[in-house]
Each structure stands twice: as C-alpha cells, then as structure tokens.
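The values are calculated or read from the model by the stated rules, or taken from the named source; none is laboratory data. Computed from a predicted model, the values in this text were never measured in an experiment. Please note: Cβ atoms are built from the backbone with ideal geometry, for glycine as well, and neighbour counts cover all protein chains shown.
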Amino acid sequence: MATPRPADGFKLISENRRASMRYTVDEVIEVGIVLTGAEVKSLRAGKMELGDTYAMVLNGQLTLINAYIAPYKYATGPKVEEKRARRLLAHRAEIDRIDGKVSQKGLTLIALRAYFKDSKVKIELGLAHAKDGADRRQEIKRREGDREARAAIKRRMH
C-alpha cells in the first residue's frame, strides 16, 4: 500500500538553512522544475541538498545551479549528473522581471526550499542580498540577548 499523502498536498523535500544566515531575502518566488523520473523518485526519498544552490537566467531561461540530487539506486536508464543545471519553469514576464532585478540591483537568486505541492516538485527561490560581517554579528548578538532574556524570565518563574 502506498504511503498516505499529507491532507494539504504539501511535503517538504529539502530546506536551505544557511540562506537565512548568509542572506536577507527581499522577495520569494515559487517555480516548477524539469526533472527526470529517477530524480523525482530520489526526491520522494528526500535525497536533495540545497546548500550552495542558486539560480540564474541563462539564454532567457531560468536555471537552477549546484543543486544536489542523489542518484536513485534502482534507476535503470542513463545516469544523470547529480549537480547538473536544471531548468526552472516560470512565466516569461516573471523571468524578465527577475532578470531585471538581479542585473540592476545586484540581488542574488537563491534556492530556499524544495517541496512537493500536489505531486509536483516546486522550488522556492528568494531574491536576496548578501549580509556583510557586521549584519551577521548584529544578528548573533540579538539572538543571544533574546536567549538570555528568556532564561532570566524562566529563572524568575521557578
């Protein structure tokens, strides 16, 4: 018997946790992705890494670069490269808008997470700009301050 699907049709495959530490995301975009059958099977098993993954507009097409999808061990067809460039699916107007923002404002297009949405693989891209060292240190200080405040409140309650 097949495994039951979530009621809302959403299943997370992979998430880029480093993105929030390295970048400040300004806008989020959902796009589709072109995959082979064996790659989809591998994604159903959760075998994807988005660590250093980004997207670019190449020859008028949105392309995902450096995304690792582990080879499906039961695949019989031709082997595909694990980190090959994969085409992303979006409307032409959206691709043109993204291309304009990336080229003019110096933004980067990074992959935030990959998930199944009603049995289709979707990639969530973020238009982001890199944080500099001062921004990172400031965020770490803020988190430590919040943690200390929660600990102090907890001590007072007990």
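Does Arg137 satisfy the condition of being at pLDDT 90 or above and of a type in the set (Lys, Arg)?
No.
When you look at Leu35, is it in contact (Cβ under 8 Å) with a residue 12 or more places away in the chain and part of a loop (DSSP other than H, G, I, E, B), yes or no?
Here the answer is yes, as Leu35 does meet what is asked.
Tell me which strands (runs of 3 or more DSSP E) are completely within the range 42-139 and hold 2 or more residues being in contact with a Lys or Arg (Cβ under 8 Å, 6 or more places away or on another chain) and among the hydrophobic types (A, V, I, L, M, F, W, C), or say none if there are none.
Ranges flagged: 61-65, 108-117, 120-130.
Going through Ile95, Ile123, Ile153, Ile65 one at a time, which residue ends up being of a type in the set (A, V, I, L, M, F, W, C), over 23 Å from Ser20 (Cα atoms) and modelled with pLDDT of 90 or more?
Ile95
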